[in-house]
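The values are calculated or read from the model by the stated rules, or taken from the named source; none is laboratory data. Here the structure is a predicted model, which means the values were calculated and not measured. Cβ placement follows ideal geometry from the backbone for every residue including glycine, while neighbour counts extend to all protein chains displayed.
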């Protein structure tokens with residue numbers, strides 16, 4: 001049983017871009033922290049713990065939380081560093097929820113960042129594989145097998161069109177999010193040509209399908225129920241979260257997906273049989289259009305080609321029946337250590353009604369956010385507008 | 001706080017300078033297997049439900065250093081979260097996952113092989129910002145040397161006293177079955193060891209070390225089922241200092257005092273100098289033993305010198321394990337301190353056992369000159 005309720009009461013992001021050469025790491029983080037405090041209408045004195053996370057080998061700064069204390073507000077406060085790869089931002093959100101729920105802290109500031117321009121991203125990713133038997137093969141999310149899986153099941157024509165339809169909807173969303181890194185103004189009538197003119201990366205995975213490599217930081221403020229009341233805050237409550245890792249291989253195919261397991265466990269605990277009805281909006285960590293398309297089926301516990309139809313019918317669009325990534329998602333912006341926290345924050349913004357131009361049109365009572373990282377790891381978090389009863393549910 | 005959390009089992013590998021013949025996975029499995037055997041717990045919903053790990057990408061030269069051990073900690077299709085800080089922070093976070101109600105039984109594992117890098121100082125050099133402090137060649141050793149200069153100037157702790165700290169650490173380590181540096185030394189030998197960063201001599205410094213530690217933490221209800229010797233975590237506190245060394249009072253304990261205040265307030269402790277039966281301090285360098293003893297309130301501020309002279313460390317049962325000077329990797333310093341305190345509170349410390357040990361404090365530190373400090377209060 002959750003010890004006490006926790007809500008996100010403010011969030012902020014730095015500007016996302018391929019090159020933030022005008023700021024250093026602490027300055028970039030400061031943009032997000034200042035924005036989050038302003039959003040929550042709090043001062044640093046109101047915060048009692050600062051959590052920090054990214055992937056060190058991208059920038060080659062050891063324990064970067066030490067340096068970043070000069071700008072992240074951590075001086076004199078509690079705090080520490082958590083990292084789990086691409087899932088880092090989602091892990092930060094889970095940890096912030098745990099720390100506040102535990103009673104150890106009342107107000108936690110969680111910060112994820114990455115400045116990918118300062119390192120070699122694919123080199124950093126390759127380095128996650130075993131040095132003895134995996135490193136020569138490892139490319140992280142840059143893989144053609146995700147595309148091939150969809151093509152094998154649904155035929156090349158339908159699969160290609162669906163992936164590009166997904167990609168185009170994501171870009172339409174990014175066009176409404178001023179903070180998004182890549183806003184390409186893709187047009188639906190040129191889907192085929194856009195794909196054909198995009199350089200192939202691996203098999204059917206083309207540049208246009210792939211997420212960006214961004215610089216950026218994201219900060220979120222988590223508070224206890226008492227503090228929410230005291231501050232008169234506009235809360236997005238954390239209902240529950242589930243983390244599912246798997247061993248250190250990137251073997252696809254017949255493996256059970258961590259997305260489906262996470263969804264089954266999380267929805268199972270909350271008696272959610274049909275997530276498409278129970279949840280109003282989903283911010284998914286979609287490293288590529290192919291994986292975004294494919295994972296919809298597992299996250300939403302769908303069968304057959306239901307997920308393809310959702311994309312083909314435009315149900316996942318901002319004004320559709322089940323909006324996915326109104327922010328434009330990861331394909332638009334991907335500062336890796338921040339990316340999964342951005343998903344949680346964007347889901348919270350939809351609940352708090354603060355998403356501005358990319359606020360979905362329907363009322364949002366419950367929102368879902370996912371993180372992806374490591375060797376197909378998943379973190380899934382459920383948020384709600386209504387305060388959870390009795391501090392959530394038992395995990396037995 | 002409504003809930004309580006206990007440490008129900010601990011296991012450590014022996015620490016040594018170069019475990020070239022075992023990979024990280026092997027080290028981790030050694031200790032995970034041991035805590036599983038101690039508790040009879042397997043992995044799963046009604047057993048060990050999740051893992052918190054402690055490791056560091058740069059020390060491991062591996063992106064997502066926890067990726068290598070997912071299966072070994074039982075997280076294949078399960079939960080694992082990595083704390084990339086001093087191991088005492090791992091205890092802090094693992095305790096939070098239980099106190100929050102999210103999990104009932106959590107495995108905590110830390111691992112590091114410092115021997116893998118050509119120089120430990122090259123790793124910690126990378127912790128300095130690339131604009132101002134990295135170009136002047138700072139690393140954690142140099143930062144500690146500046147701290148030692150400042151502290152010795154203010155406290156009048158002498159080099160002879162620091163040598164005696166090392167002599168005592170070795171004497172205690174010889175009775176600890178997992179300690180690395182167990183060879184007895186004399187004051188003269190210590191003082192003859194080469195100067196590495198003035199005033200820190202080689203023998204004043206914790207040795208390069210490889211090893212792993214595992215623990216099982218559980219909620220009150222589960223702890224009583226798992227073990228008849230639960231050790232309760234009754235106080236937790238930590239604190240960041242500022243980054244630039246010039247902005248800090250290196251001779252003082254700004255951050256440790258705050259970390260200790262938080263932990264002591266939670267545990268209801270007002271007189272730390274008279275409270276603890278066992279104390280474990282992360283003394284990465286000899287001068288840090290008296291300095292951090294001041295910060296923890298074991299003696300008066302600026303009282304480190306007299307405290308050493310009056311056998312404070314022996315009277316207060318400080319670092320009977322040999323402490324960090326006996327050898328643990330930097331990332332695991334605080335985790336080993338907690339483990340050693342738990343072993344004492346379980347009455348399993350053998351020759352070094354303190355009779356009727358009821359209450360202990362364990363300390364961890366990381367960052368340049370102890371920028372991030374953690375304090376854990378434990379009771380049986």
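Return yes or no: is residue B:107 farther than 25 Å from residue B:195 by Cα, touching a strand residue (DSSP E or B) at 6+ places or on another chain (Cβ under 8 Å) and at pLDDT 95 or above? Yes. Does residue B:22 satisfy being in a loop (DSSP other than H, G, I, E, B) and surrounded by fewer than 24 Cβ atoms within 10 Å (Cβ to Cβ)? Criteria met by residue B:22.
Once the range A:63-92 is narrowed to residues that are surrounded by fewer than 24 Cβ atoms within 10 Å (Cβ to Cβ) and facing another protein chain (nearest Cβ under 7 Å), the residue that is nearest to residue B:131 (Cα to Cα) is A:70. When the helices (runs of 4 or more DSSP H) confined to the range A:306-396 are screened for residues that are within 30 Å of residue A:116 (Cα to Cα), those reaching at least 2 such residues are found at A:329-332, A:336-352.
Test residue A:187 against the criterion of being in the same structural domain as residue A:166 (by TED's automatic domain parsing) and under 28 Å from residue A:355 (Cα atoms), and give yes or no. Yes; evaluated as a whole, the condition is true for this residue.
Considering each residue of the range B:91-98 in turn, none proves to be touching a strand residue (DSSP E or B) at 6+ places or on another chain (Cβ under 9 Å) and surrounded by fewer than 23 Cβ atoms within 10 Å (Cβ to Cβ).
With respect to residue A:11, is the statement that it is in contact with a helix residue (DSSP H, G or I) (Cβ under 7 Å, 6 or more places away or on another chain) and farther than 15 Å from residue A:341 by Cα true? Lay out the reasoning, then the answer.
Numbers: in contact with a helix residue (DSSP H, G or I) (Cβ under 7 Å, 6 or more places away or on another chain): yes; farther than 15 Å from residue A:341 by Cα: no.
Considered against the rule, which asks whether it is in contact with a helix residue (DSSP H, G or I) (Cβ under 7 Å, 6 or more places away or on another chain) and farther than 15 Å from residue A:341 by Cα, residue A:11 comes out as no.
The residues on offer are B:27, B:41, and the sole one that is crowded, with 20+ Cβ neighbours inside 10 Å, at pLDDT 95 or above and either more than 23 Å from the chain's Cα centre (by Cα) or within 10 Å of chain A (Cβ to nearest Cβ) (or both) is B:41.
Would you pick out the residues in the range B:318-354 that are part of a loop (DSSP other than H, G, I, E, B) and surrounded by 18 or more Cβ atoms within 10 Å (Cβ to Cβ)? Correct list: B:319, B:320, B:321, B:322, B:323, B:327, B:328, B:329, B:346, B:349. Of the residues that sit in the range A:124-139 and are touching a helix residue (DSSP H, G or I) at 6+ places or on another chain (Cβ under 9 Å) and within 9 Å of another protein chain (Cβ to nearest Cβ), which one is farthest from residue A:214 (Cα to Cα)? My answer is A:130.
Is it fair to say residue B:36 is buried (at least 20 other Cβ atoms within 10 Å of the Cβ) and within 23 Å of residue B:372 (Cβ to Cβ)? So residue B:36 does not fit the description; no.
Among the criteria (1) farther than 20 Å from residue A:8 by Cβ; (2) modelled with pLDDT of 95 or more; (3) within 14 Å of chain B (Cβ to nearest Cβ), the one residue A:371 does not fulfil is (1).
Restricting to the range A:1-40, name every residue that is in a helix (DSSP H, G or I) and in contact (Cβ under 8 Å) with a residue 60 or more places away in the chain. Scanning the range A:1-40 gives A:25, A:28, A:29, A:31, A:32, A:33, A:35, A:36, A:37, A:39, A:40.
The set of residues in the range B:249-263 that are out of contact with any helix residue (DSSP H, G or I) (no Cβ under 6 Å at 6 or more places or on another chain) and crowded, with 22+ Cβ neighbours inside 10 Å comprises B:255, B:259, B:260, B:263. The criterion of being more than 21 Å from the chain's Cα centre (by Cα), at pLDDT below 95 and at the interface with chain B (Cβ under 7 Å from one of its Cβ atoms) holds for residue A:1. Total residues in the range A:119-172 satisfying the condition of being under 30 Å from residue A:58 (Cα atoms) and part of a loop (DSSP other than H, G, I, E, B): the figure is 20. Residue check: residue A:45 meets all listed conditions (1) at the interface with another protein chain (Cβ under 8 Å from one of its Cβ atoms); (2) more than 30 Å from residue B:68 (Cα to Cα); (3) free of Cβ contacts under 8 Å to residues at least 24 places away in the same chain but one, namely (1). One residue stands out in the range B:108-132 among those that are surrounded by 21 or more Cβ atoms within 10 Å (Cβ to Cβ) and assigned to a loop (DSSP other than H, G, I, E, B): the one that is farthest from the other protein chains (Cβ to nearest Cβ), namely B:128. Comparison of B:94, B:88 shows that the only residue that is in a helix (DSSP H, G or I), closer than 19 Å to residue A:94 by Cα, touching a residue at least 24 places away in the same chain (Cβ under 8 Å) and more than 7 Å from every other protein chain (Cβ to nearest Cβ) is B:94.
This table checks each residue for (1) within 14 Å of another protein chain (Cβ to nearest Cβ); (2) crowded, with 24+ Cβ neighbours inside 10 Å.
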site: A:221; (1), (2): no, yes
site: A:229; (1), (2): no, no
site: A:240; (1), (2): yes, no
site: A:262; (1), (2): yes, yes
site: A:275; (1), (2): no, no
site: A:309; (1), (2): no, no
site: A:312; (1), (2): no, no
